[in-house]
Protein chains: 2
Amino acid sequence: MTATAISRIVDFIRETDRLKGVTRKNKPLGAERFENSAEHSWQVAMMAVALAGFADPAVDISRVVTMLLVHDVGEIDTGDTIVYAEEGWEERKIAELAAARRILGMLPEPQSEQLLELWQEFETGVSSEARFAHALDRAIPALLNLSCNGQSWVENGISYERVIARIGPPIEAGCPALWDYLKPRLDAAQEQGWFGTV
Amino acid sequence: MTATAISRIVDFIRETDRLKGVTRKNKPLGAERFENSAEHSWQVAMMAVALAGFADPAVDISRVVTMLLVHDVGEIDTGDTIVYAEEGWEERKIAELAAARRILGMLPEPQSEQLLELWQEFETGVSSEARFAHALDRAIPALLNLSCNGQSWVENGISYERVIARIGPPIEAGCPALWDYLKPRLDAAQEQGWFGTV
């Protein structure tokens, strides 16, 4: 019984190792390569720990961290999609759910069901924990871009207006103090010409 | 006050972004490149969540996960050292502590002190949480190697005997069921010639 469970968990760990190969649109600061979804997941979980005191409303930070550790596992099957993509969003979300079911379904119970519930809670985005997690997941690409001349905005032609419209509401809803920090810096980045035009 | 705290946390997130550039000795499965300490930190935290029920004695899994998210931040200043390195271990540990103090010290209180305490708790390795975290941190390179013909053991010439001596006791101490899984597979790997000779 234990042996079977451990074996399934190890298979899950090996399968999710593939998240290290899912490429995102940001680059680690100072690097030429694109970051991957595994290191991104670490970074946003770390960010949740560091910013826990600024979640508003308050959250169970342990649930947030676990949610962020698994939030991108569906991308193992679907790949990462930039948050500014507007077409096919619905279809991708369906594909990601199927992927999350497949991958988290590799685990024994109760872990499988618990983690799938957390994954879905993040996707739905309604709970305080999901809203805080969303705020950080939306904020981190902007924080990286603000340190490298708007790299992923410029490379993908994303305009200031689209950034504000897409990341402003979720960041303000889950971590208003972080939005107070970000907004004037995004405005300054616009002055610098660090955005695209679409 | 809040603005200053957020600003310090963002500086910390940018600084720890450098963990994405710290290279380890294992490779992601199927990849040519070496993995980095950021994606490793995600993987071992994910593993803690999945294996939480097999910690023996039981642990506060939230503390384990946070511990694992920060356990390698000192490597931003010192680089990663393979666990089989035998010379200069003491000096490296001193340098890593200085690094952890510098990096976690970028955070405001109470996060700074809390995370440094967790980092030190991991290093000391005495608490149930630290022992479970150690077990996983020692096990994950072996799990990866068992899926790729002993890659880092072969490339670094590490013998079966050294692997057993170095990772067996901590894994057995923190997650005995995982050691029961691993030991026969390490024995089979020795039959396959997946180890070095030193």
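Inverting the mean 1/r over all pairs of different Cα atoms, compute the Kirkwood radius of segment A:42-198 and quote it in Å.
Computed over Cα pairs of segment A:42-198, the Kirkwood hydrodynamic radius comes out at 16.3 Å.
Would you mind giving the average projected area, over all directions, of the Cα convex hull of the protein assembly as shown in nm² with one decimal? Before the final figure, lay out each step's value.
Numbers: hull surface 73.3 nm².
Taking the Cα atoms of the protein assembly as shown, their convex hull projects to 18.3 nm² on average.
Once the Cα atoms of segment A:96-167 are picked out, what are the Rg and Dmax in Å?
That works out to 16.1, 46 Å for Rg and Dmax.
In what order do A:E117, A:E96 fall by count of nearby beta-carbon atoms within 10 Å, going from fewest to most?
Fewest-to-most ranking of A:E117, A:E96: A:E117, A:E96.
Students often forget the sequence filter, so: which lysines lie under 20 Å Cα-Cα from A:K93 once same-chain residues fewer than 8 apart are removed?
By straight Cα distance, A:K93 reaches A:K25.
What angle do you read, to the nearest 10 degrees and between 0 and 90, between the alpha-carbon axis of helix B:160-174 and the longest principal axis of chain B?
50
Enter the angle in degrees (range 0 to 90, nearest 10) between the Cα long axis of helix A:37-51 and the first principal axis of the Cα atoms of chain A, meaning the one along which they spread out most.
70
In a shell of Cβ-Cβ distance under 10 Å around B:S37, excluding B:S37 itself, what net charge do Lys and Arg (+1) and Asp and Glu (-1) give?
So the environment of B:S37 carries a net charge of -3.
Peptide B:170-179: average number of partner chain Cβ atoms within 10 Å per residue?
On the way: counts 0, 0, 0, 0, 0, 1, 1, 5, 4, 1.
Shielding by partners across B:170-179 averages 1.
Please tell me the relative contact order of segment B:4-58 in percent, rounded to the nearest whole number, where contacts are Cα pairs under 8 Å and at least six residues apart.
It rounds to 23 percent for segment B:4-58.
Take every Cα pair under 8 Å in segment A:43-198 that's 6+ residues apart, average their separations, divide by the length, and report that relative contact order as a whole percent. The partial results should precede the final answer.
On the way: 178 pairs, mean separation 41.9, N = 156.
Taking the mean separation of contacting Cα pairs over the length of segment A:43-198, I get 27 percent.
Beyond 26 Å, what share of the Cα-Cα pairs of segment A:1-115 remains, rounded to the nearest whole percent? Kindly include the intermediate steps, with their values, before the conclusion.
Working: 1831 of 6555 pairs.
Value for segment A:1-115: 28 percent of Cα pairs lie more than 26 Å apart.
All of the numbers you see were taken from the coordinates with simple rules; none came from a lab. Just so it is clear, the structure is predicted and the values come from calculations on it, not from any experiment. Here Cβ is always computed from backbone atoms with ideal geometry, including for glycine, and neighbour counts include all displayed protein chains.
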